[in-house]
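Scroll down for the structure; my scribbles are underneath it.
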Amino acid sequence: MDKVLEELEEELHPGFEQWAVCSLATVSDFDGGGDAPDVHWRYPANSLALLDELRAITRYDDVEYPLRIPLMSAKDRTNNQRSAYIIDENPFSGVFLLRFDQDEAEDRTYREGVGRTTARLVLEWMRKNQEQFAGLENEVNELTDTFYEVRGANFEVPTDEIERLLNAKQQYQSAMDRADDLRAKKDEIASALDQLDVALDARSLVRSDRLARVETVDSVAADERPAPDVMVTAFQRAQQVAGNITPRSARVDGIRDELTTLQDRRRHTFHDHVDGHTVQRTVFMAAVLAEIDSALETHRFDKLVDEFVEHNETTITEYDPSFDPTADPKDQFLETIEPMLDEKVQALSRELDELGITGRLTDRGTYTSIKEQLDHLRSTLSKLERALEERDRLAELADAIKEEYEAAHATLESQREALADAKQNTESELKTNSQRAEAAQRALERHKEAAQNSPLGRFVTLPVTEGAELQAEQFADDPGIAALVEEGIIDREAVVDRLRETLYDHEDGVIGASLETRGKSRSPSQGRPVVFCTQGTRNLVWSDAPSGTAPEAVANDEFAKQPETVFCTDDHAIGLLAVYGGLALDNFDHGYLRDSPFQGRATLWGEPIDLEDCYAYPELLPKDHPVSVYNRVETTPLPEGGESDD
């Protein structure tokens with residue numbers, strides 16, 4: 001790449017500069033003397049190899065230019081223009097090094113923090129020829145060393161946390177709204193069932209004074225049946241109409257007409273989940289049936305039979321010794337009384353016939369006696385038969401009305417069964433939803449706590465103000481830090497505190513995680529802090545503070561070099577970089593590993609390793625480096641085509 005840029009420079013003169021950004025793998029306690037970390041040895045070994053090769057290329061170590069890297073492709077003599085690359089000066093304007101603790105690689109926020117620091121170096125700080133970066137253009141004038149260590153922290157709008165919090169809030173609210181809907185549905189079904197239950201008990205409730213309005217009666221007596229107001233009204237209207245029907249002259253069609261008229265004139269309204277016509281039909285038919293049953297219970301036929309048996313018990317038992325005076329009056333009449341009376345009528349009729357015309361004239365006393373007995377028996381039998389016929393017609397009417405009632409009753413039972421199932425399903429769903437609401441509430445509290453807590457680290461999400469009521473519409477325009485601070489969603493004091501804490505803790509905190517762990521300390525820090533933010537955010541939380549010292553003043557006191565501000569257009573993050581020059585590369589963690597080959601065998605954490613396999617260009621290393629093949633470079637045979645520096 002250096003050679004390509006060199007050729008372009010000679011032709012186009014664009015002013016190219018090469019800067020490198022490298023992360024060096026290490027661990028949080030590289031040589032702490034404890035158990036070996038659970039990290040593959042190749043991570044720090046590869047970083048050491050990279051660092052050694054960079055030291056050679058940049059002439060940090062004692063190497064002699066030019067350096068030559070033979071090309072393996074030069075063995076193929078076909079169409080090759082170059083047999084080796086020649087390095088005769090430091091190709092880098094600077095090399096930025098970032099520490100990467102491999103034992104924290106599983107931590108997503110740690111990885112994101114290192115990644116964001118790298119991105120700020122490449123995408124924002126290292127830009128050129130842009131007005132907002134004047135004085136920082138590639139840092140050519142400011143950065144006089146080759147190697148620099150960069151540490152960084154990023155303070156960002158808690159976009160993901162807020163989104164999760166809003167989603168959790170919405171899910172919780174949805175669960176609560178659903179719970180309200182289900183409870184209302186359950187109450188509605190319960191109200192409908194109350195009406196159906198009263199209607200289904202219509203046979204036992206009509207003509208009873210047991211119904212009590214639950215809407216108006218504070219306390220219901222033990223023998224009363226609480227009922228919705230509409231059902232009390234329905235019973236009253238049904239009983240009123242049924243009471244005007246004369247059972248002895250009533251017909252089924254006429255009763256149906258009365259029901260139709262009642263339905264048409266009905267002003268009381270049943271529950272929406274209830275078939276009002278069927279409810280009114282059931283109650284009305286129960287009321288009519290009660291009237292007919294009452295008429296049957298008081299019908300004269302039973303009295304006539306009882307009176308006849310009372311006056312003729314001896315005669316009856318003589319005729320039928322098995323006669324049961326406690327049996328149904330109709331059975332008594334049809335099985336014993338009517339046959340007996342028929343036989344007596346026939347016998348008396350024969351006696352009259354045997355008298356003939358002469359006997360009727362000559363024996364008037366006998367004729368008159370027989371004739372009176374016969375007329376009395378016939379009258380009694382006719383009266384009983386007419387009464388039975390009238391009673392049977394009432395019974396037939398009762399049976400017909402009972403069929404009407406039972407059909408309507410069966411329909412209501414089906415409706416009740418369906419509503420009972422719906423109620424059970426609603427209760428089950430309500431229980432499930434209650435569990436969902438509890439889970440949503442726990443998630444809401446968890447996300448609220450996550451949004452309000454922001455531990456310091458390389459990647460910090462700014463905390464949401466405790467007690468702030470977040471609404472989705474507040475984030476419709478994707479507000480930045482300044483807007484969220486102004487609206488009180490992000491606490492200004494909390495942002496300032498986190499910036500100050502990070503700056504104060506520059507030795508042991510996030511921006512104090514130094515690569516130089518062996519025998520060198522920085523007190524005061526020799527680095528320079530650079531903050532990346534918008535103008536508005538700078539004014540709110542960097543150059544000013546609601547109380548105490550502003551972060552910019554803290555940075556100025558804690559660091560040797562004056563802090564710089566890079567203004568950005570994206571207000572969703574504040575970036576903080578600490579840049580350190582004058583590095584002693586031998587004092588890096590990797591120095592422990594680098595020392596081991598000089599002691600006879602490359603080892604890491606007490607185990608031998610194949611360190612030489614990690615070097616891509618051992619040709620570059622100084623002669624005294626254990627992995628160096630510097631002497632081989634000098635004796636490497638070149639292809640007959642010669643060497644080209646072009």
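So for each of 306-319, 480-493, 560-573 I average, over its residues, the number of other beta carbons within 10 Å; can you give me the resulting order with the highest mean first?
Order by mean packing, descending: 480-493, 560-573, 306-319.
Calculate the spin-label point distance for Ala407 paired with Ser204, positioning each point 7 Å from the Cα along the beta-carbon direction, and give it in nanometres.
2.6 nm
Under 1.5 on a/c is rounded, so check that first for segment 441-483, then, if it is not, pick prolate when a/b is larger than b/c and oblate when it is not; a ≥ b ≥ c are the square roots of the alpha carbon gyration tensor eigenvalues.
oblate
Can you give me the accessible area per residue for the chain, using a 1.4 Å probe, in Å²?
53 Å²
List the pairs from Lys344/Lys371; Lys169/Lys448; Lys330/Lys383; Lys344/Lys383; Lys185/Lys448 whose alpha-carbon separation is above 21 Å, in the order I gave them.
Flagged as over cut-off: Lys185/Lys448.
Karplus couplings for segment 151-165 from phi (6.51 cos²θ - 1.76 cosθ + 1.60, θ = phi - 60°), rounded to Hz, Gly and Pro as x?
10, x, 9, 10, 10, 10, 4, x, 4, 5, 5, 5, 4, 5, 5
Residue separation times 0.36 nm, minus the C-alpha to C-alpha distance between Ser28 and Ala327: what's the value?
Contour length minus Cα-Cα distance gives 97.0 nm.
Using the Cα centre of segment 415-471 as the reference point, and only Cβ charges (+1 on K/R, -1 on D/E), how large is the resulting charge dipole? Debye, rounded to the nearest 20.
180 debye
Using only alpha carbons, build the gyration tensor for the chain and give me the equivalent ellipsoid semi-axes, biggest first, whole Å.
116, 30, 21
Arrange the residues Met176, Met340 by how much accessible surface each exposes, largest first, with a 1.4 angstrom probe.
Per-residue accessible area, sorted high to low, gives Met176, Met340.
Of all accessible surface on segment 370-529 at a 1.4 Å probe, what whole percent is carbon and sulfur?
Carbon plus sulfur share of accessible area: 43 percent.
Run the numbers for Asp257 and Gln240: contour at 0.36 nm per residue of separation, minus the present Cα-Cα distance, in nm.
Result: 4.6 nm gained on full extension.
Of the heavy-atom accessible surface of segment 259-344 (probe 1.4 angstrom), what whole percent is carbon and sulfur?
C and S atoms contribute 42 percent here.
Once phi is turned into θ = phi - 60°, what whole-Hz ³J(HN,Hα) does the Karplus curve with 6.51, -1.76 and 1.60 give for every residue of segment 306-316, x standing for Gly and Pro?
In residue order, the calculated couplings are 4, 5, 5, 5, 4, 8, 10, 4, 5, 4, 5 Hz.
Quick one: Karplus J couplings for segment 105-113, per residue in order, coefficients 6.51, -1.76, 1.60, θ = phi - 60°, nearest Hz, x for Gly and Pro?
Taking θ as phi minus 60°, the curve returns 5, 6, 7, 4, 5, 5, 4, 5, x Hz for segment 105-113.
Please tell me the relative contact order of the chain in percent, rounded to the nearest whole number, where contacts are Cα pairs under 8 Å and at least six residues apart.
Worked out over the chain, it gives 22 percent.
Show that you can apply the helix-only estimate: for the chain, add -39,500 (n - 2.57) for every DSSP H stretch of four or more residues, divide by all residues, and state [θ] at 222 nm to the nearest 500.
About -16000 deg cm²/dmol.
Please work out the FRET efficiency for the pair Met176 and Tyr617, using the Cβ-Cβ distance as r and a Förster radius of 56 Å; give the result to the nearest 0.05.
0.25
Can you put Arg594, Arg178 in order of accessible area, largest first, using a 1.4 Å probe?
Largest accessible area first, the list is Arg178, Arg594.
Return the long-range amide H neighbours of Asp491 (sequence gap of 5 or more, or a different chain), with a cut-off of under 5 Å between placed amide H atoms.
Amide H neighbours of Asp491: Thr465.
The values are calculated or read from the model by the stated rules, or taken from the named source; none is laboratory data. Just so you know, these numbers come straight off a predicted model, no measurement behind them. All Cβ positions, even for glycine, are placed from backbone atoms using ideal geometry, and neighbour counts span all protein chains on display. For accessibility, only protein heavy atoms count, side chains too; no ligands or nucleic acids. Shrake-Rupley method; radii C 1.70, N 1.55, O 1.52, S 1.80 Å.
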